[in-house]
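The values are calculated or read from the model by the stated rules, or taken from the named source; none is laboratory data. On a predicted model such as this, the values are computed, not experimentally measured, just so you know. Cβ placement follows ideal geometry from the backbone for every residue including glycine, while neighbour counts extend to all protein chains displayed.
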Amino acid sequence: MIHHEIFSTLLHDEPDTRRSRLLERHFNLSGLDERVSLEEFDWGYNPKIPKRACFDLNTLKFVRDGENPILIGPPGTGKSHVAKAIA
């Protein structure tokens with residue numbers, strides 16, 4: 001029974017390991033200097049940032065639709081963070 005549990009664990013771990021390696025490879029090829037996410041963004045810093053629109057961009061629907069999003073705003077408002085998170 002123990003061998004069955006070990007085999008099952010290894011079998012389920014393989015897709016996760018492959019996915020992690022693929023994401024790591026894509027990040028390394030991206031040229032980005034840091035990993036960020038929208039979840040770790042400080043939304044309270046600037047309440048004018050359209051949170052819903054940022055998360056909508058994160059779905060990448062704009063790619064499928066052939067659209068080009070533009071992030072506009074003064075320096076220090078989070079445009080680079082949002083762009084890196086989406087990338």
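Looking only at segment 23-82, count every residue that is of a type in the set (A, V, I, L, M, F, W, C) and out of contact with any helix residue (DSSP H, G or I) (no Cβ under 7 Å at 6 or more places or on another chain) and tell me the total.
Pass one, segment 23-82, residues of a type in the set (A, V, I, L, M, F, W, C): 23, 27, 29, 32, 36, 38, 41, 43, 49, 53-55, 57, 60, 62-63, 70-72, 82.
With the extra rule that they be out of contact with any helix residue (DSSP H, G or I) (no Cβ under 7 Å at 6 or more places or on another chain), the set shrinks to 23, 27, 29, 49, 53, 55, 60, 62-63, 70, 72.
Total satisfying the criteria: 11.
Can you work out which of the residues in segment 17-57 that are out of contact with any Lys or Arg (no Cβ under 8 Å at 6 or more places or on another chain) and of a type in the set (Phe, Trp, Tyr) is modelled with the highest pLDDT?
That would be PHE55.
Please find, among LYS84, LYS79, LYS61, the residue that is modelled with pLDDT of 95 or more, within 27 Å of HIS26 (Cα to Cα) and surrounded by 10 or more Cβ atoms within 10 Å (Cβ to Cβ). Can you show your working first?
Working: LYS84 fails: modelled with pLDDT of 95 or more; LYS79 fails: modelled with pLDDT of 95 or more.
Among LYS84, LYS79, LYS61, only LYS61 is modelled with pLDDT of 95 or more, within 27 Å of HIS26 (Cα to Cα) and surrounded by 10 or more Cβ atoms within 10 Å (Cβ to Cβ).
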